[in-house]
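J.: Handing you a structure now.
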Ligand code: ATP
Ligand code: MG
C-alpha cells in the first residue's frame, strides 16, 4: 500500500522527464557498446596479426583497426560529454520544478499549515530534500538501463568466448557484491548520522546568530563558544568513519580486480580445466572483468541512493498532497465598491478542537465607523482580526462584509479590501520602494505620496539613497516606530476599504507617536477602522469600544458610556490611568 503510494509519487516526478531519461539511457548504452567493442578490436589485432608475426602483411587492416579504435574513442567521448551535460541538466530541471512547486504550496497554504509546520523544516525540504531527489535522476535513473545492459553484455560475451574461463572468473562477482553492499550500507548509515548532526549544528548556528543580542545581554559568549566547539567536534567525529570507508572501498575493489585478473592469468598459464586460449582472448577477459566492476558497484550504490531519495520524495509529497491546507484564491464573489460594514454573528472559534478562543461573539461595525477592541493579553483581539480576512475558518456563526458572508467572497478580493497593520510589522530586506509597493505596479510618485501621507517622508529622506535604500534583514536598522510608519505607507499605497491596526505594546517616542496618530486620523477619517489598543488614551475618541474578556464580549459602547456604566472597561481604564500617573 505504502510502496504503491511512493511509486505513484515517484512516477509523478519522473513522467515529465521521461523523454530525457530515455534519450540519455540510449546514448549511455551506445557508450557501453563502444566500451565492449574496443577490447574486441585489439583482440583481433593481437590474435590475427601481431601474435602470428604477420603484421607487415596486415599493415592495412591493422591501420584500419587502429583508425576505427581512435574513431570510437572520439565518438565515445563526444557522446559521454553529451550524456554528462544532459544528466546534470536533468537533475537541475527536477530541482527547479520541485522547488517552485514547494514554494508555490508554501505561498498558497493557509496560516494553520504555517502554525503547524516549523520554518526550519520547510527550509530543509526546499533545499536538501529537493537536492537529494535530483541525485536520483542524475545518478540512478540515467545509468540504470546502461549498467544492467552492460553487465548482461559482458557476462554473455565472456560465456561465448570461453564458458569454463567465464565461470571461473565469475567466482569474483559474489565477492564484489558482498563487499560493495556491506561497505555502501555502512557508508550510508554513517553519512545519515553525519547529516543529522549537521542539521543540528546548523540550527544551533542560525539560532545563536539570530539571538546574538540576548547572548551579549546575558554575557554568554564563552558558553556559546564552548557549545559550538562541542557541536563541531561531534560533526568532525561523525565524518571520520565516512572518510575511512570512502578511502577503503576503492582499495578493496582494486584488490578484488587484481584477484580476478590473477585467476584468469593463472588458469590460462596453467591450462587448468583445459583452458587454452589465444593471447587476444585473454586480453579481452582481463579487460572485461575490469569493466564489470563499475556497473556492479554503481548498481549497489544506486540502490542505496534510491532508498534515500524515496524518503525525501515521501517527505516532500506529504506536504504537496495535503490539499486541504490550500486556500482557494480563484472562486468566490469579487467585491467592488466595498462600503465597509462588518458583522460578527454568534461567532465561535477555536485554533485547536474545542478549545474555544472566541465564544458567541456578535457585533456590528457600520461603514466608516471606527471601533476599538480592548481586553487583556490573550483575550482574543488579534484572533478577531485573523478571522476578518479569513486567515482561519470559524466553526460556528457567520462573519459578513457588506452583508455578504465572507466565506462566499473571493479571498483575494476580500484581503485586497482589508489593510491590516500587524502587531510586529515585517520589513523585507529590499528597498523602501519595494517594501511599500509589495510587487504591485506603482509609480515612484505613488510611493512618495504614500510615504508623505504616512509621515514617513522625513525619515526616508534622511536615508542616503531615499526610497531606493535597502533595508537590513527584517528592517533591523529601523526603529519600531519607523517600521510602523512604513507599514502605514503600505496601507496608503494600496488603499483598502477597511483598516485594521494591531498596535504594538512597545513604547514609541512622543514625536513618532504624534506622527502615527496623524496617520491613523487620516486613514480612519474615510474608512471603516478597527484598532487594537493597549494605550487606552489613544481610543477615547472612537465611535465604539468592544471589550473582550477570555474570548467573550463583555461590553460595547463609546468611552463615556462605558466609563459611566462602571463595568469591566471602567476598571481597565482606571488601572491604565493609575499606571500612567504612578
Ligand atoms: P495580546 O494583547 O497579547 O496581543 P490578544 O488579545 O491579541 O493578546 P490573541 O492573539 O487573539 O490575543 O490570542 C487569544 C488566545 O488564542 C490566546 O490564548 C493564545 O494562546 C491563543 N492563540 C493565538 N494564536 C494561536 C494559534 N496560532 N494557535 C493556537 N492558539 C493561538
Ligand atoms: Mg494580539
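The values are calculated or read from the model by the stated rules, or taken from the named source; none is laboratory data. These figures come from a predicted structure and were not determined experimentally. Neighbour counts run over all protein chains shown; Cβ positions are idealised from the backbone, glycine included.
J.: Looking at 440, 445, 393, which one is within 16 Å of ligand 1 (Cβ to nearest atom), over 19 Å from residue 530 (Cβ atoms) and not in a strand (DSSP E or B)?
T.: After applying the criteria, what remains is 393.
J.: Can you work out which of the residues in region 543-555 that are surrounded by fewer than 20 Cβ atoms within 10 Å (Cβ to Cβ) and in contact with a helix residue (DSSP H, G or I) (Cβ under 8 Å, 6 or more places away or on another chain) is nearest to residue 341 (Cα to Cα)?
T.: The selected residue is 555.
J.: Being within 16 Å of ligand 2 (Cβ to nearest atom) and at pLDDT below 90 narrows it down to one residue among 546, 539; which is it?
T.: 539
J.: Could I ask something else about it? Look at region 367-390 and say how many of its residues are under 11 Å from residue 530 (Cα atoms) and away from ligand 2 (no atom under 16 Å from the Cβ).
T.: Within region 367-390, residues that are under 11 Å from residue 530 (Cα atoms) and away from ligand 2 (no atom under 16 Å from the Cβ) number 3.
J.: Same structure again: Criterion first (more than 16 Å from ligand 1 (Cβ to nearest atom) and over 39 Å from the mean Cα position of the chain (by Cα)) does residue 510 satisfy it?
T.: Against the criterion (more than 16 Å from ligand 1 (Cβ to nearest atom) and over 39 Å from the mean Cα position of the chain (by Cα)), residue 510 qualifies.
J.: Related question: Could you grab me the full set of residues in region 528-540 that are surrounded by fewer than 21 Cβ atoms within 10 Å (Cβ to Cβ) and away from ligand 1 (no atom under 15 Å from the Cβ)?
T.: Answer for region 528-540, where residues must be surrounded by fewer than 21 Cβ atoms within 10 Å (Cβ to Cβ) and away from ligand 1 (no atom under 15 Å from the Cβ): 537, 540.
J.: While we're on this one: What are the residues in region 424-448 that are surrounded by 16 or more Cβ atoms within 10 Å (Cβ to Cβ) and either within 16 Å of ligand 2 (Cβ to nearest atom) or in contact (Cβ under 8 Å) with a residue 60 or more places away in the chain (or both), if any?
T.: Listed by number, the list holds a single entry, 425.
J.: Additional query: Considering each residue of region 338-390, count those that are assigned to a loop (DSSP other than H, G, I, E, B) and within 8 Å of ligand 1 (Cβ to nearest atom), and give that number.
T.: Of the residues in region 338-390, the ones assigned to a loop (DSSP other than H, G, I, E, B) are 338-341, 351-355, 366-369, 376-380, 389-390.
Pick out the ones that are also within 8 Å of ligand 1 (Cβ to nearest atom) and you get 351-352, 355, 376-380.
Final tally of qualifying residues: 8.
J.: Condition (residue is assigned to a loop (DSSP other than H, G, I, E, B), within 16 Å of ligand 2 (Cβ to nearest atom) and touching a residue at least 12 places away in the same chain (Cβ under 8 Å)) applied to region 409-422: is it met by at least one residue?
T.: Checked against the condition, which is being assigned to a loop (DSSP other than H, G, I, E, B), within 16 Å of ligand 2 (Cβ to nearest atom) and touching a residue at least 12 places away in the same chain (Cβ under 8 Å), region 409-422 yields at least one hit.
J.: Moving on. Looking only at region 331-347, count how many residues are out of contact with any helix residue (DSSP H, G or I) (no Cβ under 8 Å at 6 or more places or on another chain), surrounded by fewer than 16 Cβ atoms within 10 Å (Cβ to Cβ) and modelled with pLDDT of 90 or more. Steps first, answer last, please.
T.: Looking only at region 331-347, we keep the residues that are out of contact with any helix residue (DSSP H, G or I) (no Cβ under 8 Å at 6 or more places or on another chain), and these are 331, 336-341, 343, 345-346.
Checking which are surrounded by fewer than 16 Cβ atoms within 10 Å (Cβ to Cβ) leaves us with 331, 336-337, 339, 345-346.
Restricting the remaining residues to those that are modelled with pLDDT of 90 or more gives 331, 339, 345-346.
Number of matching residues: 4.
J.: What residue, of 480, 487, is out of contact with any helix residue (DSSP H, G or I) (no Cβ under 8 Å at 6 or more places or on another chain), touching a residue at least 40 places away in the same chain (Cβ under 8 Å) and within 16 Å of ligand 2 (Cβ to nearest atom)?
T.: After ruling out the rest, the residue left standing is 487.
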